[in-house]
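Here the structure is laid out as structure tokens; the discussion comes afterwards.
The values are calculated or read from the model by the stated rules, or taken from the named source; none is laboratory data. Model, not experiment: these values are computed from the prediction. Glycine also receives a Cβ, built like all others from the backbone with ideal geometry; neighbour counts cover every protein chain displayed. Protein only, heavy atoms only, side chains kept; ligands, DNA and RNA dropped before computing areas. Shrake-Rupley method; radii C 1.70, N 1.55, O 1.52, S 1.80 Å.
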Amino acid sequence: MIALYIGADSFTSQWQTKVYKAHPGVDQFQMMFGVNTWSILFTLAALLASGELWTTIAFLKLNPAAFMDNVTIAITSATGQLFIFYTIKRFGPVAFTIIMTTRQIFSMVISNFAFGHSLGISGWAAASVVFATLFYRVYRSAKSRKG
């Protein structure tokens, strides 16, 4: 599952960069509209194919709190997407990947301390490699600017 996530995540930011380069007039709002339109179509197709569309609609009608949770998630997700698309367009997919990887590692480490979740040796090793790589990148960048 994680390999599929990483593959899709890597493909998406690279593809968006190609779209931005091929069509310089495309902004983050247009990109968001296109991506979300396809997401809606795929989700609708999956709900129809599984027969769960009407069940989902009935559940949301019976549970207004769940409906409001979905609206809240939609608003926060849309806001996050705007930042993501801006970051990819302005700084490129590599910077975006670094930001997202760092965020995930920080979440993992904070969860370990704040909620007492256990993090195995491989998790700590992975976090150490990520942070060492980031610090090395910052060091190399600072060194190249100095001379």
Residues of the range 4-30 classified as under 15 Å from the mean Cα position of the chain (by Cα) and more than 18 Å from residue 94 (Cα to Cα), total = 1
ask   = Within the bounds of the range 46-64, is there any residue that is outside any helix (DSSP H, G or I), modelled with pLDDT under 90 and either open to solvent by 50 Å² or more (accessible area, probe 1.4 Å) or over 30 Å from residue 130 (Cα atoms) (or both)?
value = no
key: the range 12-25: number of residues that are at pLDDT below 80 and open to solvent by 100 Å² or more (accessible area, probe 1.4 Å)   = 0
message = It is to be established whether one or more residues within the range 125-136 are out of contact with any strand residue (DSSP E or B) (no Cβ under 6 Å at 6 or more places or on another chain) and either surrounded by fewer than 10 Cβ atoms within 10 Å (Cβ to Cβ) or not in a helix (DSSP H, G or I) (or both).
response = no
ask   = Is there any pair with a first residue in the range 127-147 that is over 18 Å from residue 100 (Cβ atoms) and a second that is open to solvent by 90 Å² or more (accessible area, probe 1.4 Å) and part of a helix (DSSP H, G or I) whose Cβ atoms are under 9 Å apart and which are 6 or more apart or on different chains, and what are they?
value = none
